[in-house]
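J.: Below is the structure I would like to discuss, written out as structure tokens.
The values are calculated or read from the model by the stated rules, or taken from the named source; none is laboratory data. Remember, predicted model here, so these are calculated numbers, not experimental data. Glycine gets a Cβ as well: all are built from the backbone with ideal geometry, and neighbour counts include every protein chain shown. Side chains included, ligands, DNA and RNA excluded: accessible areas come from the protein's heavy atoms. Shrake-Rupley method; radii C 1.70, N 1.55, O 1.52, S 1.80 Å.
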Amino acid sequence: MDLVTASAPKRKIYSVSELNRETKYLLSEHFSFIQIEGEISNLSKPSSGHIYFSLKDNKAQVRCAMFKSQSRRLKFDPQNGEHVIISAQVSLYEARGDYQLIADKMQQAGTGDLQLAFEQLKNKLLKEGLFEANLKKPLPLIPEQIAVITSATGAAVHDILTVLKRRFPSIPVVIYPTAVQGEAAKFEIVKALETANQLKQADLIILARGGGSLEDLWTFNEECVARAIAKSKLPVISAIGHEVDFTIADFVADLRAPTPSVAAEHAVPNQQTWINQFQSLESRFQHQIHQKLSQTQQSINWLEKSLKQQHPSQQIQRHAQALDGLEFRLKQVIQSAIKKNQDLIANRN
């Protein structure tokens, strides 16, 4: 009797693209269109017209995309921190295997917790007068030394140093390295502001950080940081994030720059401009000095001539000449008288 060994069924081996494709199909079939509520974060609006963002609550977040055809129908301009409700299809971006929501509609559901905290602190400090223009300290025309408070490894410090070196390389810079994100960052920044004021090595402070989401920049919306800036005896330029980003630190600082590079532009003048002005002044001074010397030399020559004319030797010479003239005339008179008398004697004989 022949025995036949039963073999186990062969399992399908998926390629990565097959797995992602079937997962995408399962997600879209199971969830179809759903509504989900959360706070907008990491918002990006490229020139394509699409919108990319994360939707989060206090425990989790999910990536979302809204394509141009849907985003153009929005009745408002979505911003980081806004609380919204979206209608979306659960999907998967096959190329990266990223789980995401494809939003079809979006409506405002209120202000997010961070945005609400931002507005509350802003209003509180506004009422206290911390944003008043008369509290803004003037920046030094040419700083003796600049203190930069930022991450020692971030792009912000590189941008600042590059611009300062190009515009006025002779001005020294001292870096106060701090964290610019995370729970400890606010304490480090406050300490750096206090230290810069105590040491008085610099006469200008640049407080800077590169771009990021509302959460990334939140350190600069902390009340302790705002009050440390307001307390600073040294003028502070804030340069937090990109041009569209505003933080509480920007409102309290003596000057708000849209980027770290622009902060450096404001901090120092263009050295070449000053050199050109000095060279122009030097040329004008030299011309005036030469003109004055020429006038003085003319006056000296005139005085010298006048003095020579009034010198006793000159007067003696003039009197001697006059005396010689009188002597000559006297001799002529005597000779004339003698001749006249001789003629009279001759006529009598």
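J.: Just the C-alpha atoms of the chain: what Rg/Rh do they give, with Rh taken as the Kirkwood radius?
T.: With Rh from the inverse mean 1/r over Cα pairs, Rg/Rh is 1.63.
J.: Something else about it: Report ³J(HN,Hα) in whole Hz for each residue of region 335-342, in order, from the Karplus equation J = 6.51 cos²θ - 1.76 cosθ + 1.60 where θ = phi - 60°; Gly and Pro get x.
T.: Whole-Hz 3J(HN,Hα) from phi for region 335-342: 4, 5, 5, 4, 5, 5, 5, 4.
J.: I'd like to check one number: the per residue accessible area of the chain, probe 1.4 Å, reported in Å² as a whole number.
T.: Numbers: 22940 Å² over 349 residues.
Accessible area per residue, the chain: 66 Å².
J.: Would you please name the chymotrypsin sites (Phe, Trp or Tyr not before Pro) within region 28-77 that are DSSP coil residues with at most 11 other C-beta atoms within 10 Å of their C-beta? Intermediate values should be presented prior to the final figure.
T.: Numbers: sites: 31, 33, 52, 53, 67, 76; in loops: 67, 76.
For chymotrypsin sites (Phe, Trp or Tyr not before Pro) across region 28-77 that sit outside H, G, I, E and B with at most 11 neighbouring Cβ atoms in 10 Å, the list reads 76.
J.: On to the next question. Of 33, 202, 89, whose Cα points farthest to the positive end of the dipole of the chain (charges on the beta-carbon: +1 Lys, Arg; -1 Asp, Glu; origin at the Cα centre)?
T.: 202
J.: Using the Cα centre as the reference, give the magnitude of the dipole from point charges on the C-beta atoms of region 177-297 (Lys, Arg: +1; Asp, Glu: -1; all else neutral), rounded to the nearest 20 debye. Intermediate results must be reported in sequence, preceding the final value.
T.: Numbers: 10 positive and 14 negative charges, 147 e Å.
Around 700 debye, computed over region 177-297.
J.: About its Cα centre, what dipole magnitude does region 64-161 give when the only charges are +1 on Lys and Arg Cβ and -1 on Asp and Glu Cβ, stated in debye to the nearest 20? Mind dumping the intermediate values first?
T.: On the way: 11 positive and 11 negative charges, 73 e Å.
It works out to roughly 340 debye.
J.: Using a 1.4 Å probe, how large is the accessible area of residue 290, given in Å² and rounded to the nearest 10?
T.: 120
J.: Let me ask you something else. Give, in nm to one decimal, the length gained when the segment between residue 290 and residue 322 is fully stretched (0.36 nm per residue of separation minus the Cα-Cα distance).
T.: On the way: separation 32, 0.36 × 32 = 11.52 nm, distance 4.42 nm.
Contour length minus the Cα-Cα distance gives 7.1 nm.
J.: Hey, another quick one. Could you rank 142, 237 by how accessible they are, 1.4 Å probe, largest area first?
T.: Values: 142 65, 237 0 Å².
Sorted descending by solvent-accessible area, the residues read 142, 237.
J.: Which percent of the accessible area of the chain is formed by carbon and sulfur heavy atoms (probe 1.4 angstrom)?
T.: Numbers: 12470 of 22940 Å².
It is 54 percent, rounded to a whole number.
J.: If r is the Cβ-Cβ distance from residue 242 to residue 50 and R0 is 25 Å, what FRET efficiency results, to the nearest 0.05? Mind showing how you got there, number by number?
T.: Numbers: r = 19 Å, r/R0 = 0.77.
That pair, residue 242 with residue 50, gives E of 0.85.
J.: At 7 Å along the Cα-to-beta-carbon direction for both residue 343 and residue 191, put a label point, then send me their distance in nm to one decimal.
T.: 12.9
J.: Shifting gears a bit: Structure shown: which of 45/200; 59/124; 127/165; 59/105; 68/165; 165/200 lie over 31 Å apart, alpha-carbon to alpha-carbon? Provide the component values of the computation, followed by the final result.
T.: Details: 45/200 43 Å; 59/124 29 Å; 127/165 40 Å; 59/105 24 Å; 68/165 43 Å; 165/200 22 Å.
Cα-Cα > 31 Å for 45/200; 127/165; 68/165; rest within.
J.: Going 7 Å from the Cα of residue 14 in the Cα-to-Cβ direction, what parts of region 89-126 have a backbone nitrogen less than 19 Å from that spot?
T.: Label zone hits: 90-101.
J.: Here is a further query. Quick one: how many Å² of residue 21 are accessible to a 1.4 Å probe, rounded to 10?
T.: Surface open to solvent at residue 21 totals about 120 Å².
J.: I would also like to ask the following. With r defined as the distance between the Cβ atoms of residue 297 and residue 199 and R0 fixed at 35 Å, what FRET efficiency is calculated, to the nearest 0.05? Don't skip to the answer; put the middle values down first.
T.: On the way: r = 55 Å, r/R0 = 1.57.
Using R0 = 35 Å, I get an efficiency of 0.05.
J.: How much length, in nm to one decimal, is gained on full extension between residue 274 and residue 183, taken as 0.36 nm per residue of separation minus their Cα-Cα distance? Before the final figure, lay out each step's value.
T.: Details: separation 91, 0.36 × 91 = 32.76 nm, distance 4.35 nm.
Length gained between residue 274 and residue 183: 28.4 nm.
J.: Moving on to the next point. Mind checking region 114-218 for trypsin sites (Lys or Arg not before Pro) that DSSP puts in a loop (not H, G, I, E or B) and that have at most 12 other Cβ atoms within 10 Å?
T.: Numbers: sites: 122, 124, 127, 136, 165, 166, 167, 186, 191, 200, 209; in loops: 136, 200.
Here the trypsin sites (Lys or Arg not before Pro) that fit, given the DSSP loop and packing criteria, are 200.
J.: Any chance you could run the full-extension gain for residue 153 through residue 23? It's 0.36 nm times the residue separation minus the Cα-Cα distance, nm to one decimal. Walk me through the intermediate numbers first.
T.: On the way: separation 130, 0.36 × 130 = 46.80 nm, distance 4.02 nm.
That pair, residue 153 and residue 23, stretches by 42.8 nm at full extension.
J.: With r as the distance between the Cβ atoms of residue 63 and residue 281 and R0 = 45 Å, compute the FRET efficiency 1/(1 + (r/R0)^6) and round to 0.05.
T.: Details: r = 61 Å, r/R0 = 1.35.
The calculated FRET efficiency here is 0.15.
J.: How big is the charge dipole of the chain about its Cα centre, in debye rounded to the nearest 20, if each Lys and Arg gets +1 on its Cβ and each Asp and Glu gets -1 on its Cβ? Don't skip to the answer; put the middle values down first.
T.: Numbers: 41 positive and 36 negative charges, 487 e Å.
In total the dipole reaches around 2340 debye.
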